[in-house]
Amino acid sequence: MSPQEQTTRDRIRRFETDVLVHLDDLYRAALRLTGNAAEAEDLTQDTCLRAFERLDQLRSPGAARVWAFTILRSIFLRRIERQPRTTGVDIIDSSLLEAREVLHDTYEALRPIQETPFGEVREALRRLPLPYREPLVLAHVGGFSYKEISEILAIPLGTVMSRLFRARRLLRSELREPAWRTRSTP
């Protein structure tokens, strides 16, 4: 075996052990961000391709998960920038949304989400503005810590906490009043 073949095999092995072990998590996050299985598959595939191409930039195996999610997010945002802009929920500032009730007990605050069928939660999540959807997906689907989310999104830790708080509140509000109930009929 030539040195070049050995180097290629080592690179593939490193990619498999460091990055591909997170494939399911990457796909789940892509699905929550895109809301579409085909787009999520494409996003995940492009993420893996870019990660393999830039594997030499990975500092350590312990950083692989955050690194891969950062790549996924970068590709996702680039795709969104290319899409034509439309008016809708995604551009409404959360400060314009009326907060329902603020529940102090964590269990009580999350109960509407826990008692809601998964499909309804997925649709409500899809309707959240991207700045709030991203940290929520990373925290609850990806299982990332606030610090890791801060690194992936390249925002301060305080902003992560604030956006997660608002995202949970918006999600609860979406689940209390589904979009079909809030739309006016012509």
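The values are calculated or read from the model by the stated rules, or taken from the named source; none is laboratory data. Just so you know, these numbers come straight off a predicted model, no measurement behind them. Only protein heavy atoms, including side chains, enter the accessible area calculation; ligands, DNA and RNA are left aside. Shrake-Rupley method; radii C 1.70, N 1.55, O 1.52, S 1.80 Å.
Residue ranking by accessible heavy-atom surface, 1.4 Å probe, largest first, among 164, 20 comes out as 20, 164. Taking every protein chain into account, the 1.4 Å probe leaves residue 71 with about 20 Å² of accessible area, to the nearest ten. Karplus-derived 3J(HN,Hα) values for the stretch 149-163, using 6.51 cos²θ - 1.76 cosθ + 1.60 with θ = phi - 60°, are 4, 4, 5, 5, 8, 6, 10, x, 4, x, 5, 4, 4, 5, 5 Hz; glycine and proline are entered as x.
Ordered from largest to smallest accessible area (heavy atoms of protein chains, 1.4 Å probe), the residues 9, 172 come out as 9, 172.
Coupling constants for the stretch 23-37 follow from the phi torsions by the Karplus curve (6.51 cos²θ - 1.76 cosθ + 1.60, θ = phi - 60°), and in residue order they are 4, 4, 5, 4, 5, 4, 5, 4, 5, 5, 6, 8, x, 9, 4 Hz; glycine and proline get x.
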